[in-house]
Amino acid sequence: MISLPDSRTEPDGSAVIRVLSYNIRSLRDDRAALARVIRGCAPDLVLIQEAPRFFRWRKAAERLARAAGLVYVTGGGTTAGPMILSTLRAHVERTEDILLPRTPGLHQRGFATAVVRIGGARLGVLSCHLSLADAERYGQAGLLLERLALMDVPYAVAGGDLNDRPDGRSFRRLAGALTDGWAAEPWGGEFTSTPHEPRQRIDAVFASEGVEVLGCGVPHGLPGVREADLRAASDHLPVLAALRVPPGTP
């Protein structure tokens, strides 16, 4: 397997960053294995889904961040699950937690968003967990694209549990406007669900125009990431992407 580029800042100010998207099932699985997987991926940004969101959720989020060598940025209980963590390499300009319109009888959904600077690059970041219901999910995909446009940033990255496959209309709606990391530069493994019998890709990392995808996929075989930990950490496999983000504004 071709190695995934490490994080770095290029002489022109562009930033090579690692972005990890991970549904952690409310920390109901092996938390030590989860922290080891995240550390092994060496991400600059982590887009979490199903973060703790009820009793003492902030403490749980802080413990996870500390165990993974990261800091809490935003989201969790305030977004019905999506959350963002980062390294100290990321300078956070602003954050916004968004609750989406709710269909009666279905779970509340939301977006965790932030604008960050890394090296000479400035980008918007969004973590999402879309609905299980097709019509609601399709609408949420549209709201995601609207939200990225409203962030008023030159570049953006979004990731999450889409509850949709690449041939689904919500996934296709996002991939039609953004770059699907796996489709652009596949690396590692493709399928994210389930860890014990991967057979579908319902988790993804997307990038806006101008962001170069250097590799994206499930981190099978990545030094420091054990297969046993991937199976024990959650009921989803994570998606790790290496991206090159240009400096400044287009």
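The values are calculated or read from the model by the stated rules, or taken from the named source; none is laboratory data. On a predicted model such as this, the values are computed, not experimentally measured, just so you know. Neighbour counts run over all protein chains shown; Cβ positions are idealised from the backbone, glycine included. Accessible surface areas use protein heavy atoms only, side chains included; no ligands, DNA or RNA. Shrake-Rupley method; radii C 1.70, N 1.55, O 1.52, S 1.80 Å.
If I filter region 48-70 down to residues being on the phi < 0 side of the Ramachandran plot, assigned to a loop (DSSP other than H, G, I, E, B) and surrounded by 15 or more Cβ atoms within 10 Å (Cβ to Cβ), which single residue comes out as nearest to the chain's Cα centre (by Cα)? Spell out how you get there, then give the answer.
Residues of region 48-70 that are on the phi < 0 side of the Ramachandran plot, as a first pass: 48-49, 51-55, 57-68, 70.
Narrowing further to those that are assigned to a loop (DSSP other than H, G, I, E, B): 51-55, 68, 70.
Retained after the next criterion (residues that are surrounded by 15 or more Cβ atoms within 10 Å (Cβ to Cβ)): 51-53, 68, 70.
Values: Ala51: 12, Pro52: 16, Arg53: 17, Ala68: 15, Leu70: 14 Å.
Here the answer is Ala51.
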Condition first: part of a strand (DSSP E or B) and either free of Cβ contacts under 8 Å to residues at least 24 places away in the same chain or surrounded by 15 or more Cβ atoms within 10 Å (Cβ to Cβ) (or both). Can you find one or more residues in region 130-146 that meet it? no
Where the second residue is among the charged types (D, E, K, R) and in a loop (DSSP other than H, G, I, E, B) and the first is touching a residue at least 24 places away in the same chain (Cβ under 8 Å) and surrounded by 24 or more Cβ atoms within 10 Å (Cβ to Cβ) and lies in region 207-219, which pairs have Cβ atoms under 6 Å and are six or more apart or on separate chains? Cys216/Glu185
Filter result (within 13 Å of Arg94 (Cβ to Cβ), of a type in the set (Val, Ile, Thr) and over 15 Å from the mean Cα position of the chain (by Cα)) within region 115-159: Val153
Only one of these conditions is not met by Gly110: (1) out of contact with any Phe, Trp or Tyr (no Cβ under 8 Å at 6 or more places or on another chain); (2) in contact (Cβ under 8 Å) with a residue 60 or more places away in the chain. Which number is it? (2)
Report, by residue number, each residue of region 71-85 that is in contact with a Ser or Thr (Cβ under 6 Å, 6 or more places away or on another chain) and either of a type in the set (Phe, Trp, Tyr) or part of a loop (DSSP other than H, G, I, E, B) (or both). Pro82
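If I ask for residues that are open to solvent by 10 Å² or more (accessible area, probe 1.4 Å) and part of a strand (DSSP E or B), which ones from region 9-24 would you list?
In the first step, residues of region 9-24 are kept if they are open to solvent by 10 Å² or more (accessible area, probe 1.4 Å); the result is 9-13, 18.
Once the filter is applied, which keeps residues that are open to solvent by 10 Å² or more (accessible area, probe 1.4 Å) and part of a strand (DSSP E or B), region 9-24 yields Thr9, Arg18.
Here is a yes/no grid of residues against (1) under 28 Å from Gly142 (Cβ atoms); (2) open to solvent by 20 Å² or more (accessible area, probe 1.4 Å); (3) assigned to a loop (DSSP other than H, G, I, E, B); (4) without any contact (Cβ under 8 Å) to a residue 24 or more places away in the chain:
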residue	(1), (2), (3), (4)
Arg36	no, yes, no, no
Arg39	no, yes, no, no
Val46	yes, no, no, no
Arg89	no, yes, yes, no
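Restricting attention to region 161-177, does a residue exist that is of a type in the set (A, V, I, L, M), open to solvent by less than 20 Å² (accessible area, probe 1.4 Å), closer than 21 Å to Leu237 by Cα and in a strand (DSSP E or B)? Break it down stepwise before answering.
To start, the set of residues in region 161-177 that are of a type in the set (A, V, I, L, M) comprises 162, 174-175, 177.
If we keep only those that are open to solvent by less than 20 Å² (accessible area, probe 1.4 Å) as well, we get 162, 174.
Those still in the list that are closer than 21 Å to Leu237 by Cα too: 162, 174.
So of that shortlist, the ones also in a strand (DSSP E or B) come out as none.
No, region 161-177 contains no residue that is of a type in the set (A, V, I, L, M), open to solvent by less than 20 Å² (accessible area, probe 1.4 Å), closer than 21 Å to Leu237 by Cα and in a strand (DSSP E or B).
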